[in-house]
1. Return the whole-Å distance between the Cα centroid of segment 129-155 and the Cα centroid of segment 166-185.
2. Check the straight Cα-Cα distances from LYS173 and name the aspartates and glutamates below 16 Å, setting aside those fewer than 8 residues away within the same chain.
3. What residues of segment 11-45 lie in the reach of a label at ALA184, counting those whose backbone N is under 16 Å from a point 7 Å from the Cα along Cα→Cβ?
4. Provide the FRET efficiency to the nearest 0.05 for the TYR70-VAL175 pair, computing r from the beta carbons and using R0 = 30 Å.
5. Give me the one-decimal Kirkwood hydrodynamic radius in Å for segment 94-171, with the sum taken over alpha-carbon pairs.
6. Straight-line reach from LYS143: which aspartates and glutamates have Cα under 12 Å away, leaving out those fewer than 8 places along the same chain?
7. With the cut-off at 22 Å, report for segment 3-189 the share of all Cα pairs above it, as a whole percent.
8. For the chain, what is the calculated [θ] at 222 nm in deg cm²/dmol (nearest 500), taking -39500 (n - 2.57) for each run of four or more DSSP H residues and dividing by its residue count?
Amino acid sequence: MKNLIAVYGSPRKGGNTSILLDYFLEGVGESSYSIERVYLRELSFSHCTECGRCRESGVCSVQDDIQPVYEKIVNAARMVIACPVFFLGPPALTKAFLDRFQAFWVRRYTLGMNPASEGVEKRGFLLSVGGFKGSEKIFSCNKRIARAAFSAAGYSYSGELFFSGIDHFGEIKTVEGVREKAVAAGKDFVS
């Protein structure tokens, strides 16, 4: 059975981003993938301290709740990250998590190690919700940051689903077509 790691990157429990990820995982749930959920808001972890100790081994020396998540990232074939847009970027919680991909970056680009398991096609997907109406430009920072993190960890950026103009708690449930699009995207991502 293949693994999918689903990262809930919103600091708010049960908010629009979490609802969107739950819809996406409904589609994944119809496949043979096992789903490992990671709720960043429930973890105790530090930002990257740029201590430099990972430069020798490609292993982060900061001992906190991210250590077991590293192993899940290495072992998963698919990863989906869901985060809202806060001031045109991911919330601090998600950004701190993605900054901890520095150890993966070192493995891949400094030490020349393959962060992916042999023969496993690793694919990443980004889900994001923002309150600003109109332009998809509000998601550009989230997309660039996620794309870089996926690449460092050996994942190809394989898709995205963005919804703007959704600001109030639970509002995404009232937007026509969101659930259907997210379920379909989840199915497609693991097909």
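1. Between the Cα centres of segment 129-155 and segment 166-185 lies a distance of 18 Å.
2. Within the straight-line cut-off, LYS173 pairs with ASP22, GLU26.
3. Residues 23-28 qualify, since their backbone N sits under 16 Å from the label point.
4. 0.30
5. One over the average 1/r among Cα pairs gives 13.9 Å for segment 94-171.
6. Answer for LYS143, where 12 Å is the Cα cut-off: GLU160, listed by chain and number.
7. Working: 7478 of 17391 pairs.
The share of Cα pairs beyond 22 Å in segment 3-189 comes to 43 percent.
8. So the helix-based figure for the chain works out to -9500 deg cm²/dmol.
Each value in this text was obtained by applying a stated rule to the coordinates, not by laboratory testing. Predicted model, so just to flag it, every value in this text is computed and none were measured. Every residue, glycine among them, receives a Cβ derived from its backbone with ideal geometry; neighbour counts consider all protein chains shown.
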